[in-house]
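Trainee: Here it is: the structure, laid out below.
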There are 2 protein chains.
Amino acid sequence: MDAVALNTIFRAYDDRLAELDASASTNPYARGIAWIAGEYVPLHEARVPLVDQGFLHGYQTYDAPAVWDGQFFRLDDHIARLEASCARLRLRLPISREELKRLLAEMVAKSGLRDALAEMIVTKGIVDTRQLASDTVINNLYMFAKPYSWVMRHGMQQTTGGSAIVARTVRRVPPGAIDPTAKSLQWGDLVRAMFEAQDRGATYAMLTDGDGNLTEGPAFNILLVNDGVIYTPDRGCLKGITRECVFEIAKYSGLTVRCEVVPVDMAYHCDEIFLSSTAGGIMPITSLDGQAVNGGEVGPVTKMVMSEYWAMHYDSKYRLEVKYTD
Amino acid sequence: MDAVALNTIFRAYDDRLAELDASASTNPYARGIAWIAGEYVPLHEARVPLVDQGFLHGYQTYDAPAVWDGQFFRLDDHIARLEASCARLRLRLPISREELKRLLAEMVAKSGLRDALAEMIVTKGIVDTRQLASDTVINNLYMFAKPYSWVMRHGMQQTTGGSAIVARTVRRVPPGAIDPTAKSLQWGDLVRAMFEAQDRGATYAMLTDGDGNLTEGPAFNILLVNDGVIYTPDRGCLKGITRECVFEIAKYSGLTVRCEVVPVDMAYHCDEIFLSSTAGGIMPITSLDGQAVNGGEVGPVTKMVMSEYWAMHYDSKYRLEVKYTD
């Protein structure tokens, strides 16, 4: 898919966004919807029990599929990952996988949101702190959907790209302490990295493993392009579904991907850098630690991957239609 | 103070607990009270906004002073530590220190709880995730008090002591990722250690720093006694206020304390092990990885420290009276 086609996709999105904004006075869910214990409420009115161990000790996991142009994108992959995260943390979905899919789709349909990020949060539930390891507790599920948001806005993705730092005041939590492959809302290290990015006049923070290798940033994977090969860390980070899309795009485009240990130094000597996230897609980094990457321009591999990524959103193989009632 | 005096203190506590249980039908706060946005509610009815970043990305800190026999114990130390934790995490108390103390005391008074653990949780508040590093957000405060609970019940402290493991499947989060001196509800590593303790038939888990040194466990510091000297880790752990009490007791008892790097191996070759926590005080460990510590008996230094610790609760220097209305 070429850049013109990508512009068309984003222009249609902007039109839908304008419609959404216009609907805010009549649709109570235009700014988001939440599903709490079987009830739907506007997102900003949603409340969770203070004594839920998801709040009280951060004992939770989650996943966040996107809805694009009225269709879930790779929903089954997100649900499969949520189940895997639960298993690692000794949590269980309190409802079946099919019921979860049905409720999630019902929630998005009810919201009227055509472009959304949905979140399914599974928490330990209500149990005494001394019994946190007990496996007889019924876990809680909270869900919400909000208008699709951008880790990097699409206009910036197509023009200037973003500025990043490699965090030097904080490292990523090691897998031996908190497993980054089980998606977690415990962002202590990631928030510290966001402080540092802000302090250093940049927007995005990439974290190392403390041993000189790249891991990931707040809600995104890191990918480097060097001599036509894509490099991305194999450990210390989430197995991103957007990154999985990049792997598939690379495969049918004849590009090699090396998912392995990536020394941080490579980021300073590579041809292109981009980030991947369900919340934003493919996000070019054109400045690292204040120095231009690829001469400060979005690179050709990044552009190609970005176009193909959004084209995938219109491939029926990855889509599940939301049945809106209006 | 001798063991007889300690028995008297705990017997009086048991009597107050029986009174509390008897009051449950008339006191809506007998099982706990929460202060949420200026309103008092029974703890189990308390709700927090789902979109508060304290829940949504674990961006919070807290502190938890105890009330014992109708008096706060070392409240100023807990509030000072909360302020220090906030500063490290770029949070600010939304009310003054004096107002916080006043409201906390009012909440406990209203609950009628004579023996309680109070919690003050400061969260980032409601802000878009992309703005997590913004410093213009007004942070939120949530408070609650619940009946005093025991990491190790006092009867067990005085008789058998508890069983512990050194976790081998998980390490403590390094300070370079998440700073353990800023008290946090992000318990990912600590919960994994609790799993392992349960799997290995023990109750308490001690975590290493991943480099062969002890750190702490879920809500407690670790102290070893060897040849009459007390050893406790200087980094990778919270600066516990109960542990600070141990330092003071050691000083006036003529015992040496060495707060320094403590190799995990020392735990297998020392005379006594005990844990310290506001929620439980001084907790003897008499079994480590299935092997007896001090012949499986609570040791003399541990006993002395335990008695002195509870005696401190009746020293006016450390107390602040709760003005109950009944």
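The values are calculated or read from the model by the stated rules, or taken from the named source; none is laboratory data. Please read these numbers as outputs of a predicted model, since none were measured by experiment. So basically every Cβ, Gly included, is an ideal-geometry build from the backbone, and we count neighbours across all protein chains shown.
Trainee: For region A:102-111, name all the residues that are surrounded by fewer than 21 Cβ atoms within 10 Å (Cβ to Cβ) and either within 14 Å of chain B (Cβ to nearest Cβ) or in contact (Cβ under 8 Å) with a residue 60 or more places away in the chain (or both).
Mentor: Answer for region A:102-111, where residues must be surrounded by fewer than 21 Cβ atoms within 10 Å (Cβ to Cβ) and either within 14 Å of chain B (Cβ to nearest Cβ) or in contact (Cβ under 8 Å) with a residue 60 or more places away in the chain (or both): A:LEU103, A:ALA105, A:ALA109, A:LYS110.
Trainee: Would it be correct to say that A:LEU93 is hydrophobic (A, V, I, L, M, F, W, C) and surrounded by fewer than 22 Cβ atoms within 10 Å (Cβ to Cβ)? Walk me through it before giving the result.
Mentor: On the way: hydrophobic (A, V, I, L, M, F, W, C): yes; surrounded by fewer than 22 Cβ atoms within 10 Å (Cβ to Cβ): yes.
The answer is yes for A:LEU93.
Trainee: A further question on this structure: Within region A:89-99, identify whether any single residue is touching a residue at least 60 places away in the same chain (Cβ under 8 Å) and either touching a Pro at 6+ places or on another chain (Cβ under 8 Å) or part of a helix (DSSP H, G or I) (or both), and answer yes or no.
Mentor: No, there is no match, as no residue in region A:89-99 is touching a residue at least 60 places away in the same chain (Cβ under 8 Å) and either touching a Pro at 6+ places or on another chain (Cβ under 8 Å) or part of a helix (DSSP H, G or I) (or both).
Trainee: Could you list, ordered by first residue, the pairs with Cβ atoms under 8 Å in which the first is in region B:132-147 and more than 30 Å from B:TYR13 (Cβ to Cβ) and away from every other protein chain (no Cβ under 12 Å) and the second is of a type in the set (D, E, K, R) and crowded, with 22+ Cβ neighbours inside 10 Å, at least 6 apart or interchain?
Mentor: The qualifying pairs are B:VAL137/B:LYS124; B:ASN139/B:LYS124.
Trainee: Restricting region B:47-73 to residues that are in a strand (DSSP E or B) and in contact with a Pro (Cβ under 9 Å, 6 or more places away or on another chain), which is nearest to the other protein chains (Cβ to nearest Cβ)?
Mentor: B:ARG47
Trainee: Okay, moving on. For residues that are more than 16 Å from A:ALA46 (Cβ to Cβ) and at the interface with chain A (Cβ under 10 Å from one of its Cβ atoms), scanning just region B:15-41, find the one that is surrounded by the most Cβ atoms within 10 Å (Cβ to Cβ).
Mentor: So the residue we want is B:ALA34.
Trainee: Additional query: Any chance you could count how many residues in region B:195-233 are assigned to a loop (DSSP other than H, G, I, E, B) and of a type in the set (A, V, I, L, M, F, W, C)?
Mentor: 3
Trainee: Only residues in region B:187-209 that are closer than 15 Å to A:SER184 by Cβ count as the first member; pair them with residues that are among the aromatic types (Phe, Trp, Tyr) and crowded, with 23+ Cβ neighbours inside 10 Å, Cβ under 6 angstrom, at least 6 apart or cross-chain, and list the lot.
Mentor: Pairs found: B:VAL191/A:TYR59.
Trainee: If we keep just the residues of region A:210-247 that are over 15 Å from A:ARG171 (Cα atoms) and free of Cβ contacts under 8 Å to residues at least 40 places away in the same chain, which is nearest to the other protein chains (Cβ to nearest Cβ)?
Mentor: By that ranking, first place goes to A:GLY240.
Trainee: Looking at (1) within 25 Å of A:ILE249 (Cβ to Cβ); (2) within 11 Å of chain B (Cβ to nearest Cβ), which one does A:ASP2 not meet, given that it meets all the others?
Mentor: Result: A:ASP2 passes all but (2).
Trainee: Out of B:THR302, B:THR232, report the one residue that is touching a Cys at 6+ places or on another chain (Cβ under 9 Å) and at negative phi.
Mentor: Matching residue, one of B:THR302, B:THR232: B:THR232.
Trainee: For B:SER277, state whether it is modelled with pLDDT of 95 or more, more than 29 Å from A:ARG168 (Cβ to Cβ) and either touching a strand residue (DSSP E or B) at 6+ places or on another chain (Cβ under 7 Å) or crowded, with 23+ Cβ neighbours inside 10 Å (or both).
Mentor: For B:SER277, the condition - modelled with pLDDT of 95 or more, more than 29 Å from A:ARG168 (Cβ to Cβ) and either touching a strand residue (DSSP E or B) at 6+ places or on another chain (Cβ under 7 Å) or crowded, with 23+ Cβ neighbours inside 10 Å (or both) - is met.
Trainee: Next question, about the same structure. So, of the residues in region A:158-195 that are in contact with a Ser or Thr (Cβ under 9 Å, 6 or more places away or on another chain), over 15 Å from A:GLU216 (Cβ atoms) and more than 7 Å from chain B (Cβ to nearest Cβ), which turns out to be surrounded by the fewest Cβ atoms within 10 Å (Cβ to Cβ)?
Mentor: Step by step, filter region A:158-195, then rank; the result is A:ARG168.
Trainee: Only one residue in B:HIS44, B:HIS78 is part of a helix (DSSP H, G or I) and at the interface with another protein chain (Cβ under 9 Å from one of its Cβ atoms), so which one is that? Spell out how you get there, then give the answer.
Mentor: On the way: B:HIS78 fails: at the interface with another protein chain (Cβ under 9 Å from one of its Cβ atoms).
Among B:HIS44, B:HIS78, only B:HIS44 is part of a helix (DSSP H, G or I) and at the interface with another protein chain (Cβ under 9 Å from one of its Cβ atoms).
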